[in-house]
1. For the chain, what is the convex hull volume of its Cα atoms per residue in Å³?
2. On a full-extension model of 0.36 nm per residue, what is the gain between K10 and Y87, subtracting their alpha-carbon distance, rounded to one decimal in nm?
3. May I ask you to list the aspartates and glutamates whose Cα is less than 19 Å away from that of K62, ignoring any residue fewer than eight positions away on the same chain?
4. Excluding residues fewer than 8 places away in the same chain, name every one of the aspartates and glutamates whose C-alpha is closer than 12 Å to that of K10.
5. Starting from the Cα-Cα distance between V51 and A76, subtract it from 0.36 nm times their residue separation and give me the gain in nm to one decimal.
6. Can you give me the angle between helix 58-68 and the longest principal axis of the chain, using Cα atoms only, in degrees from 0 to 90, rounded to the nearest 10?
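All of the numbers you see were taken from the coordinates with simple rules; none came from a lab. Computed from a prediction, not measured in an experiment: that's the story for all the values here.
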Amino acid sequence: MAARIFQRVKSSTQSGRAHTRQWTLEHERSDPQRADPLTGWPGSRDTKTQVKLSFDSLEAAKAYAQREGIDVHIVAAPLPKLKLQTYADNFR
């Protein structure tokens, strides 16, 4: 069983920084998705991908994964890119 631990990033439509300090453990898909013959929607028998666990720290997420015997890889959050410009730059 494999999973990944990552830190949520702020979306472009989000003005605040709510939930950006939390770490999320998300199971990786072990069964490939197949199209349903009746509806055509993708799906699989793997229900672990529906579970996302949130932790306050990376250490807590690692401890949980180790306790449950889950192989994890950690995905680092990208550094935020700041576009610094003055108001006058809008008219150039």
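1. Values: hull volume 15.3 nm³, N = 92.
Considering the Cα atoms of the chain, their hull volume per residue is 166 Å³.
2. Working: separation 77, 0.36 × 77 = 27.72 nm, distance 2.40 nm.
Stretched out fully, the K10 to Y87 stretch lengthens by 25.3 nm.
3. Of all the aspartates and glutamates, those that pass the test against K62 - Cα under 19 Å, at least 8 places apart if same chain - are E26, E28, D71.
4. Once the sequence-local aspartates and glutamates are set aside, nothing remains near K10.
5. Going from the current span to full extension adds 7.0 nm.
6. Roughly 0 degrees, rounded to the nearest 10.
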